[in-house]
1. Among (1) open to solvent by 30 Å² or more (accessible area, probe 1.4 Å); (2) within 16 Å of the ligand (Cβ to nearest atom), where does Ala68 come up short?
2. Taking Leu103, is it closer than 24 Å to Arg154 by Cα, within 14 Å of the ligand (Cβ to nearest atom), more than 17 Å from the chain's Cα centre (by Cα) and of a type outside the set (Lys, Arg)?
3. Kindly provide the set of residues from the stretch 1-49 that are among the small types (Gly, Ala, Ser), in contact with a strand residue (DSSP E or B) (Cβ under 8 Å, 6 or more places away or on another chain) and more than 30 Å from Ala295 (Cα to Cα), ordered by number.
4. Any chance the stretch 52-62 includes a residue that's part of a loop (DSSP other than H, G, I, E, B), within 15 Å of the ligand (Cβ to nearest atom) and closer than 23 Å to Asn204 by Cα?
5. Scanning the stretch 181-215 for residues that are of a type in the set (Gly, Ala, Ser) and crowded, with 24+ Cβ neighbours inside 10 Å, which turns out farthest from the ligand (Cβ to nearest atom)?
6. Consider only pairs whose beta carbons are under 7 Å apart and that are at least six residues apart or on different chains; among these, list those whose first residue lies in the stretch 70-89 and is in contact (Cβ under 8 Å) with a residue 40 or more places away in the chain and among the charged types (D, E, K, R) and whose second residue is open to solvent by 10 Å² or more (accessible area, probe 1.4 Å) and away from the ligand (no atom under 11 Å from the Cβ).
7. Against the definition (of a type outside the set (Asp, Glu), touching a helix residue (DSSP H, G or I) at 6+ places or on another chain (Cβ under 7 Å), open to solvent by less than 20 Å² (accessible area, probe 1.4 Å) and modelled with pLDDT of 95 or more), how does Ser149 come out, yes or no?
8. Just to check your reading of the model, which residue among Leu254, Leu240, Leu248 is buried (at least 24 other Cβ atoms within 10 Å of the Cβ) and either in contact (Cβ under 8 Å) with a residue 24 or more places away in the chain or on the phi < 0 side of the Ramachandran plot (or both)?
Amino acid sequence: VTRDFRSDNVLPAAPEIVDAVVRANAGSMTSYGGDELTVRVRERCCEIFETEVEVFPILSGIAGNALAISVLTPPWGAVFCHAEAHIEREELGAASFYSGAKLVPVGGAGGKLQPEAVTAALASARKTDMAVPACVSITNATEAGTVYSAAELRALCDAARAANLRVHMDGARFANAVAATGAAPAELSWRAGVDVLTFGATKNGAMTADMIVLFRKELAPELGIRIHRSGHRPSKMRFLSAQLEAYLKDDLWLRHARHSNATAARLAAGLAPHVELLQRVDANIVFARFPPALAAALRGEGFQFFDWGIFGEDVYRLVCGFATTEEEVEGLVEAVRGKMNKR
Ligand SMILES: Cc1ncc(COP(=O)(O)O)c(C=O)c1O
């Protein structure tokens with residue numbers, strides 16, 4: 001039993017996905033995305049999103065975010081995002097590197113942007129020559145482990161559209177948002193007003209593959225050029241697409257996300273009587289305040305989790321993934337219960 005709650009990225013890849021990569025390792029195939037697996041991934045995404053989409057398999061979420069955003073803003077643009085957004089805090093300015101644009105962080109409880117806050121931020125940006133408002137980037141599920149409903153997304157996108165801004169979604173945990181809301185993928189993306197989605201797979205069972213799902217066909221040629229020029233169009237694309245095809249087949253992506261959400265809910269319920277929880281647990285992440293002695297004792301027993309100081313002193317992040325077991329969760333809950341009762 002592993003005791004590793006640091007991130008969904010610490011988990012292995014799902015056997016279905018590894019098998020698909022091995023199966024793709026046969027014979028010759030057209031390179032740079034001209035292979036039949038890549039074609040099938042696009043077809044499957046058209047079904048899942050109930051519309052015509054263009055799909056670009058990509059090696060990482062960071063590249064996926066930055067390149068997706070780069071077609072939604074001119075170099076002098078402002079990209080509004082949550083102050084805790086991964087693009088703002090964790091990507092070393094990749095979105096600015098690829099687009100030239102300036103990120104403008106906006107606050108909001110529970111990791112969520114509110115339409116009024118976005119409208120106010122862009123009104124205030126317009127009073128300056130800081131940059132020209134161009135785009136809003138929304139993360140769903142959020143970095144705080146919360147999830148936007150379809151109605152919340154529509155309101156947010158309406159506010160962006162009213163100001164002529166385009167909308168990007170960081171869907172590193174899009175599957176968790178779909179699983180949590182039960183809404184159709186279309187409702188949580190283009191029908192709400194999203195122009196381009198970075199649709200994660202790596203965190204949810206892939207080896208190393210995510211995809212950019214583009215809902216505005218007219219932007220496809222430019223996005224294709226930017227992806228190629230930045231070196232993010234691997235010649236043996238078949239191995240990325242094999243992962244993505246397996247990920248989307250038989251709803252593996254949703255089954256994984258339902259499992260990780262349910263596992264996190266169980267963890268939260270088990271911890272709640274003993275320690276303070278910091279955010280709603282809508283998806284697969286739990287934030288808990290542990291007294292320092294408790295954190296040290298748990299770590300001494302091999303439990304692993306990250307410090308999450310931006311949510312306050314002694315706050316830690318616990319992530320459940322597709323491979324996190326009930327046994328692991330019960331082990332952590334038992335350890336916390338035992339140590340808190342002894343105090
Ligand atoms: C919300 C969010 N977006 C994007 C990423 C980037 O993914 P990657 O590290 O695979 O590039 C992460 C990874 O932690 C994330 O949590």
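The values are calculated or read from the model by the stated rules, or taken from the named source; none is laboratory data. Values in this document were obtained by computation on a predicted structure and should not be read as measured data. We place every Cβ from the backbone using ideal geometry, glycine too, and count neighbours over all the protein chains shown. Only protein heavy atoms, including side chains, enter the accessible area calculation; ligands, DNA and RNA are left aside. Shrake-Rupley method; radii C 1.70, N 1.55, O 1.52, S 1.80 Å.
1. So Ala68 meets the others, but not (1).
2. Working: closer than 24 Å to Arg154 by Cα: yes; within 14 Å of the ligand (Cβ to nearest atom): yes; more than 17 Å from the chain's Cα centre (by Cα): yes; of a type outside the set (Lys, Arg): yes.
When the stated conditions are applied, Leu103 passes them.
3. The first filter runs over the stretch 1-49 and keeps only residues among the small types (Gly, Ala, Ser), leaving 7, 13-14, 20, 24, 26-28, 31, 33-34.
Subset that is in contact with a strand residue (DSSP E or B) (Cβ under 8 Å, 6 or more places away or on another chain): 7, 33.
Matches in the stretch 1-49: Gly33 only.
4. Initial filter on the stretch 52-62 (part of a loop (DSSP other than H, G, I, E, B)): 52-53, 59-60.
If we keep only those that are within 15 Å of the ligand (Cβ to nearest atom) too, we end up with 59-60.
From what's left, closer than 23 Å to Asn204 by Cα: 59-60.
Yes: the stretch 52-62 contains one or more residues that are part of a loop (DSSP other than H, G, I, E, B), within 15 Å of the ligand (Cβ to nearest atom) and closer than 23 Å to Asn204 by Cα.
5. Of the stretch 181-215, the ones of a type in the set (Gly, Ala, Ser) are 182-184, 186, 189, 192-193, 200-201, 205-206, 209.
So of that shortlist, the ones also crowded, with 24+ Cβ neighbours inside 10 Å come out as 189, 192, 200-201, 205-206, 209.
Numbers: Ser189: 16, Ala192: 18, Gly200: 7, Ala201: 10, Gly205: 13, Ala206: 10, Ala209: 10 Å.
So, considering only residues that are of a type in the set (Gly, Ala, Ser) and crowded, with 24+ Cβ neighbours inside 10 Å, the one farthest from the ligand (Cβ to nearest atom) is Ala192.
6. Glu84/Ile310
7. Numbers: of a type outside the set (Asp, Glu): yes; touching a helix residue (DSSP H, G or I) at 6+ places or on another chain (Cβ under 7 Å): yes; open to solvent by less than 20 Å² (accessible area, probe 1.4 Å): no; modelled with pLDDT of 95 or more: yes.
It is false that Ser149 is of a type outside the set (Asp, Glu), touching a helix residue (DSSP H, G or I) at 6+ places or on another chain (Cβ under 7 Å), open to solvent by less than 20 Å² (accessible area, probe 1.4 Å) and modelled with pLDDT of 95 or more.
8. On the way: Leu254 fails: buried (at least 24 other Cβ atoms within 10 Å of the Cβ); Leu248 fails: buried (at least 24 other Cβ atoms within 10 Å of the Cβ).
Of Leu254, Leu240, Leu248, the one residue that is buried (at least 24 other Cβ atoms within 10 Å of the Cβ) and either in contact (Cβ under 8 Å) with a residue 24 or more places away in the chain or on the phi < 0 side of the Ramachandran plot (or both) is Leu240.
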